[in-house]
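Comments concern the structure below.
The values are calculated or read from the model by the stated rules, or taken from the named source; none is laboratory data. Not measured: the values here are computed from a predicted model. Cβ atoms come from the backbone with ideal geometry, glycine included; neighbour counts cover every protein chain shown.
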């Protein structure tokens, strides 16, 4: 994912500033660094550690006034600006379908590999207003969910 982000940033003429964090304290320190670097936006990739700290991440992004995008809807529901990524509920549904097929006698090795194709965009309009951002109507129209 990092290589893809670096390639996309380079193609758009943007500078990418990355921080790693594996503790709550390191998350706090990363936001201090983002503020010092005057970061225009933040993207947090999918990670169980970060998901368990989604409220902390959303609160810090709001405190420092950094628009933050995430890969899972839970972050937008916790107060993050937006999420764009795999529909986790659909992914779990696919797991249930696979499990059902196996229980009915299908051999796991013979089942096709299925990649999630349902991607969702969730925008937290309350957070956008708090950050002083105007979300274009075209983007709101494309969103799968807008949190008022």
Quiz item: Is there a residue being part of a helix (DSSP H, G or I), in contact with a helix residue (DSSP H, G or I) (Cβ under 9 Å, 6 or more places away or on another chain) and buried (at least 17 other Cβ atoms within 10 Å of the Cβ) anywhere in the stretch 4-23?
Solution: no
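Would you check if residue 75 is over 24 Å from residue 125 (Cα atoms) and surrounded by 11 or more Cβ atoms within 10 Å (Cβ to Cβ)?
Against the criterion (over 24 Å from residue 125 (Cα atoms) and surrounded by 11 or more Cβ atoms within 10 Å (Cβ to Cβ)), residue 75 does not qualify.
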Self-check item: Matching entry among 61, 106, 141 (being touching a strand residue (DSSP E or B) at 6+ places or on another chain (Cβ under 8 Å), modelled with pLDDT of 90 or more and either more than 20 Å from residue 4 (Cβ to Cβ) or surrounded by 18 or more Cβ atoms within 10 Å (Cβ to Cβ) (or both))
Solution: 61
Quiz item: Taking the stated definitions as given, is residue 81 buried (at least 18 other Cβ atoms within 10 Å of the Cβ), within 28 Å of residue 18 (Cα to Cα), modelled with pLDDT of 90 or more and in contact with a strand residue (DSSP E or B) (Cβ under 8 Å, 6 or more places away or on another chain)?
Solution: yes
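Is it the case that the stretch 38-45 has a residue that's loosely packed, with under 12 Cβ neighbours inside 10 Å and within 14 Å of residue 68 (Cβ to Cβ)?
Yes, the conditions are met somewhere in the stretch 38-45.
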Quiz item: Taking residue 55, is it touching a residue at least 24 places away in the same chain (Cβ under 8 Å), touching a helix residue (DSSP H, G or I) at 6+ places or on another chain (Cβ under 7 Å) and either in a strand (DSSP E or B) or more than 24 Å from residue 8 (Cα to Cα) (or both)?
Solution: no
Quiz prompt | Count - residues of the stretch 34-47 that are in a helix (DSSP H, G or I) and closer than 13 Å to residue 74 by Cα | solution = 0
Quiz item: Which of (1) at pLDDT 90 or above; (2) part of a loop (DSSP other than H, G, I, E, B); (3) touching a strand residue (DSSP E or B) at 6+ places or on another chain (Cβ under 8 Å) is the odd one out, the single condition residue 50 does not satisfy?
Solution: (2)
Quiz prompt | Selected residue [over 27 Å from residue 143 (Cβ atoms) and in contact with a helix residue (DSSP H, G or I) (Cβ under 8 Å, 6 or more places away or on another chain)] from 35, 78 | solution = 35
Self-check item: residue 93 touching a helix residue (DSSP H, G or I) at 6+ places or on another chain (Cβ under 8 Å) and in a helix (DSSP H, G or I)
Solution: no
Quiz prompt | Among (1) free of Cβ contacts under 8 Å to residues at least 40 places away in the same chain; (2) touching a strand residue (DSSP E or B) at 6+ places or on another chain (Cβ under 9 Å); (3) assigned to a helix (DSSP H, G or I); (4) closer than 21 Å to residue 144 by Cβ, the one test that residue 31 misses | solution = (4)
